[in-house]
Structure formats: structure tokens, C-alpha cells
Amino acid sequence: MIRYLDALEISLKSKSGVVPEDAISDARSHLERACLDTEDTIQDDEELYAHLVDQFGEPEVVAAQYRDEASPITMPGKGYAPGWRIYCTKCGRSAPASEAGVIRIGARSYHKYVLGWCRQCGWFRWLRLQRDLDDTNITRKMGTDLTPEKYRASIHIPVWSIFVLATVFSLISTWVINHFWH
Ligand SMILES: [Zn+2]
């Protein structure tokens, strides 16, 4: 079952507009039921995987069903950021960074945050860039009982950047006041 979820997670991350943890949680409950039903007849891992593929379809095909054709995060142009994924820290809407138009990310960092517009939330959100297109970190972290909500709550949001932002805003408003109020 984990093998199926791993394959599904990798496929989901390559789709634009999905919320991987929601889809994984949904698939998990279907798979659990299928595994319980076949507990007595199938013991072999390979055989179980084949049975799940038989019943639900290839992970890649299932992932495609969860995809929303709408582009998830609005950024201009096409970019090149292989291996990176961008997602909303609030609702989880996700896309490969290259498809979202992210051009360059510092090679050393594992994750970064940008403030951007999330279509699903309809508001500005912290969007997180994470180099996890080829990792199955969500399946691992969610295990058998973590809900998508709890998973998202565990995503670290950079509080200090809010202070930085507040400082920038106050500098801009000071500038505006100095230039236009005389
Ligand atoms: Zn969102």
C-alpha cells in the first residue's frame, strides 16, 4: 500500500493545481479498505500492488484524475526549476515550480518562501518552494492516520518574514508620505 501511495505522491507533485496531501489521504482510505478486503487472500507485496493497480488504476492515471486543469499559482512566463515544487501553505494547492514560472532558485537551499497570490484561497498567501518533486515526504509524514489539515498545520511558516515585510511596508509608506504630502 505504501508503495502505491509513494508512486501516487510522485505523480501528484508533477501535476498543477492538486493538493497532494488531500489526494493521498483520500486514496489512503480507499486503499486501506481494499487491503482489508484482501487480507486473507493476498500476502505477497508484489501481488497486493498488482491488485491495487488492477482495482484503482496506475498511480499516474489516478494522479491525473485529481488534477485541476486551471493553473494554480499565477506567475508570468515559463521557468526552469527542476525538482522544485511550489505550494500554498494554507490550502496546499501545488504545482511543479517550473510550470508555475519560477525561474531560478538558489541551488543550496532546500526550501524557500515567497508571498504570492493563491487562486484557490483568493488571497495572498505564503507560497513555499520545496525541492521534493522526487521525494515521498508527504506519504511518509502522514503515515496511516495524519489528516491533511494536521499535515498542513505542521508546515513551518516564517513568522520573522512578516516583520521584515512590515518594515518594508512602513519604509514605503514613509517614502510615499514624504513625496506626495508636501
Ligand atoms: Zn491557497
Which numbered condition Ser94 fails, given (1) away from the ligand (no atom under 16 Å from the Cβ); (2) at pLDDT 90 or above; (3) hydroxyl-bearing (Ser, Thr, Tyr): (1)
I'm told Lys112 meets every condition in (1) buried (at least 18 other Cβ atoms within 10 Å of the Cβ); (2) away from the ligand (no atom under 15 Å from the Cβ) except one. Can you identify the failing condition by its number? (1)
When you check Arg140 against the structure, is it modelled with pLDDT of 85 or more, under 30 Å from Tyr49 (Cβ atoms) and surrounded by fewer than 16 Cβ atoms within 10 Å (Cβ to Cβ), yes or no? yes
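The values are calculated or read from the model by the stated rules, or taken from the named source; none is laboratory data. Because the structure is a prediction, the values reported are computed rather than measured. Cβ sites come from the backbone with ideal geometry, for glycine too, and all protein chains shown count toward neighbours.
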